[in-house]
Structure formats: C-alpha cells, structure tokens
Amino acid sequence: MHRPAQRDHRDQHLQGDQGEQGGRQPGRRGSRLGRLLVCAAAVPAVLVATGCSSDSGSGSGSGSSSSGDAKQEQTAGAQPSQSASANAVQPAAYSTLPEPCAVLSEKTLGDLVPKGLKSAKEGASDDTASRSSCSWSSLESNGVKGSQFRWLNVSLLRFKSDATRGEGDKLAQEYYTKQVQDARSVVGAKNTRSEPVAGAGDEATAVRYDLKKKEGSFKQQTVVARVENVVITFDYNGAGLAGGKTPDADDLTKAAEKAVKEVVSAVTTANKGGGKAGTAPSQGASKSASPSKSASASPSKSASKSASPTASASASASKKS
C-alpha cells in the first residue's frame with residue numbers, strides 16, 4: 001500500500017512537472033515566433049532603405065557625370081577655336097610691288113648714272129608682284145682724264161604672311177638683317193663702314209666699303225631698307241677708269257641714301273589703292289625669298305658685275321686717249 005501510494009505521489013509529481021513544462025513551452029514558442037516575425041519584417045525595410053540609398057547615390061553620380069561630360073564638351077568645343085586663333089597670322093600690309101625700272105625719277109637717275117638713263121635692264125622674275133629688280137650702268141669718258149663708271153641695281157623682295165613661318169613683316173625683318181650682315185662681310189672689302197639711315201621706311205642701313213679690282217678701285221654703297229613686308233636692296237658703286245679720278249665715297253653714299261627713300265615712296269604708292277595682302281603657303285614664301293640672291297643680294301656680286309663692263313670701258317677709254 002505504501003509503494004503504490006508513493007508511485008501515485010510520484011505520478012502526480014511527474015504530471016505536475018509535465019504540466020508546468022507544457023505550460024512553459026507554448027510561451028517560449030510564442031516569443032520565438034514573435035521575434036522571427038519582427039526580424040522578417042525588418043529585413044524588407046532594410047532592403048528598401050538600402051535600395052533608396054543606392055538609387056540616390058547613383059542619381060547624384062550620374063548627375064555629376066553628365067555635368068562633367070557637358071564641361072568636357074564645352075572645353076573640347078572651345079579648344080579648336082582657341083588653337084585656330086593662336087595659329088592665325090595677320091595679312092601682310094603690302095600686296096604688290098612697283099615696276100622696278102620706274103622706281104626712280106629721271107632726275108635721280110641723271111645724278112646716279114648720268115650716261116645710263118636708257119640702260120635700264122629688268123631682272124628675270126616669274127612673279128614681279130613678289131620679287132623684281134632693275135639695273136643701270138653709266139660710262140662717262142673724259143678723254144685724257146680717264147672715265148667715270150657708275151653701276152646701280154635696285155632689288156625689291158616682298159614677303160607674304162604664312163601660317164607656318166609667320167607674318168610677312170617679321171619675315172621681311174629677318175631678311176633685312178641678313179642682307180645687312182652680308183653687306184658687312186664681303187670678301188676682299190676694306191674700310192667697311194655702316195650707319196643707320198633715317199626716313200627710309202621702317203628701318204634702313206647703309207654699308208660702304210672699298211673693293212680693289214684689276215680695272216680700278218671701286219667705291220661700293222649698299223643701302224638695305226625695309227618698309228612693312230618689303231625689303232629694298234640698293235647697290236651703287238663707282239670707279240675712276242683709265243686714269244680717272246676715284247669718286248668720293250661720301251658723295252656716293254649721300255646720293256644712294258637719297259635715292260633709296262625715293263624707292264620706299266614708290267613701294268608705298270603702289271600699295272595705296274590695295275588692301276591687305278592675303279596669306280600664302282610656306283612654299284610661296286620660300287620661293288619669294290630665294291630669288292633675292294639673283295636680285296643683287298650680295299654686294300660682292302654687284303662689284304663683280306660692275307667689273308665686267310669696266311673692262312670694255314677702260315679699253316675704249318684707252319683707245320680714245
């Protein structure tokens with residue numbers, strides 16, 4: 001009887017424990033289920049928030065990107081115009097040249113080459129608007145007192161503006177400097193002197209020297225002048241032949257400086273009615289520079305040319321004497 005009672009007691013005790021456990025389990029399951037539902041509801045909210053933040057970030061990024069692209073397009077569009085303006089050159093001031101054999105008046109030619117008014121000889125040129133030249137020679141016989149020889153050459157060279165090489169007046173300035181240097185460095189020249197010439201274009205320099213030849217002693221004057229994009233090379237020399245008196249270098253220089261101003265005026269007058277000269281390719285500019293060699297670029301060549309007429313002049317003077 002005692003054992004069954006104990007079993008009954010244990011059974012009751014076990015049933016009570018199981019009842020407590022049974023009562024506790026539903027509560028725990030409910031709390032766990034609640035937490036799962038809260039978490040499940042929180043996940044979409046996080047995803048939505050993340051998606052919103054992602055969209056807003058991409059939106060701002062695309063906005064800045066489009067803004068940057070617009071700026072790049074504006075910069076790209078501005079660059080060609082800026083480079084074009086930077087490469088642009090000003091058109092040259094003068095677009096033509098006067099007739100080379102008509103740049104000096106008859107009176108001036110009478111002073112320079114008194115017996116050579118009708119001896120004008122125009123130099124060969126395939127473009128007289130860019131380069132030209134004319135020369136005169138004079139032989140005045142004084143019987144037993146010998147002869148006086150004079151030789152004159154005027155060359156004109158016009159430079160065009162070039163997109164590669166630069167503006168016409170700058171190119172002319174470079175050539176002007178070279179011509180002056182060439183006149184100062186003639187082989188065999190003695191007593192070389194140079195001086196600036198006022199009132200002859202934008203810049204001018206007179207170079208004079210003595211040059212000994214078998215026909216006599218020549219007094220050479222080379223006046224180089226630049227007006228805008230045109231360079232004038234004025235070569236003038238004189239000599240006393242067959243016993244003739246050597247001409248005074250000061251007189252020859254003064255006459256040359258006066259005459260070159262007349263040539264400058266002729267160049268200016270020839271361009272009064274015209275506008276600005278157009279630009280030309282670099283080949284045209286190069287061609288316009290190279291013929292200057294034949295247009296009495298080197299004074300020594302001028303002296304050599306003058307020597308050949310003097311040979312016949314001295315021979316005729318000797319026969320007459």
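The values are calculated or read from the model by the stated rules, or taken from the named source; none is laboratory data. Quantities reported herein were computed from a predicted structural model and do not represent experimental measurements. When we count neighbours, we look across all protein chains shown, and the Cβ atoms used for this are built from the backbone with ideal geometry, even at glycine.
Among the candidates 144, 197, the residue that is surrounded by fewer than 19 Cβ atoms within 10 Å (Cβ to Cβ), at negative phi and either assigned by TED's automatic domain parsing to the domain that holds residue 262 or at pLDDT 95 or above (or both) is uniquely 144.
Quick check on residue 109: is it touching a Leu at 6+ places or on another chain (Cβ under 7 Å) and part of a loop (DSSP other than H, G, I, E, B)? The answer is no for residue 109.
Counting just the residues of segment 126-173 that are in a strand (DSSP E or B) and more than 29 Å from residue 111 (Cα to Cα), which one comes out nearest to the chain's Cα centre (by Cα)? Looking at the filtered set, the residue picked out is 166. All but one of (1) out of contact with any helix residue (DSSP H, G or I) (no Cβ under 6 Å at 6 or more places or on another chain); (2) at pLDDT below 95; (3) crowded, with 20+ Cβ neighbours inside 10 Å hold for residue 136; which doesn't? Checking residue 136 against (1) out of contact with any helix residue (DSSP H, G or I) (no Cβ under 6 Å at 6 or more places or on another chain); (2) at pLDDT below 95; (3) crowded, with 20+ Cβ neighbours inside 10 Å, the one that fails is (2). The requirement of being at pLDDT 95 or above and closer than 26 Å to residue 243 by Cα is fulfilled nowhere in segment 162-175; no residue meets it.
Considering only residues that are of a type outside the set (D, E, K, R) and surrounded by 16 or more Cβ atoms within 10 Å (Cβ to Cβ), which ones fall in segment 109-128? Show your work before the answer.
At the first step, the residues of segment 109-128 found to be of a type outside the set (D, E, K, R) are 109-110, 112-114, 116-117, 119-120, 123-125, 128.
Those that are of a type outside the set (D, E, K, R) and surrounded by 16 or more Cβ atoms within 10 Å (Cβ to Cβ): 109, 112, 113, 116, 119, 120, 123, 125, 128.
Identify, please: which residue in segment 227-263 is among the polar types (S, T, N, Q) and in a strand (DSSP E or B) and is, among those, nearest to residue 134 (Cα to Cα)? Checking each candidate, the answer is 233.
Residues in segment 144-176 that are touching an Asp or Glu at 6+ places or on another chain (Cβ under 9 Å) and β-branched (Val, Ile, Thr): 154 only.
State yes or no: is residue 309 in a helix (DSSP H, G or I), at pLDDT below 95 and under 18 Å from residue 113 (Cβ atoms)? Criteria met by residue 309. Annotation note: Cβ proximity below 9 Å between a residue of segment 228-253 that is on the phi < 0 side of the Ramachandran plot and at pLDDT below 95 and a residue that is in a helix (DSSP H, G or I) and aliphatic (A, V, I, L, M) (sequence gap 6+ or interchain) occurs for 241/313; 241/317; 244/317. Across segment 174-205, the number of residues qualifying as assigned to a helix (DSSP H, G or I) and closer than 25 Å to residue 160 by Cα comes to 10. The residues of segment 204-254 that are over 19 Å from residue 188 (Cβ atoms) and surrounded by fewer than 18 Cβ atoms within 10 Å (Cβ to Cβ), listed by number, are 243, 245, 248, 250, 251, 254.
Examine segment 177-194 for a residue that is crowded, with 23+ Cβ neighbours inside 10 Å, without any contact (Cβ under 8 Å) to a residue 60 or more places away in the chain, basic (Lys, Arg) and within 26 Å of residue 101 (Cα to Cα), and state whether such a residue exists. No, there is no match, as no residue in segment 177-194 is crowded, with 23+ Cβ neighbours inside 10 Å, without any contact (Cβ under 8 Å) to a residue 60 or more places away in the chain, basic (Lys, Arg) and within 26 Å of residue 101 (Cα to Cα).
All of (1) in contact with a Gly (Cβ under 6 Å, 6 or more places away or on another chain); (2) part of a strand (DSSP E or B); (3) touching a residue at least 40 places away in the same chain (Cβ under 8 Å) hold for residue 224 with one exception: (1).
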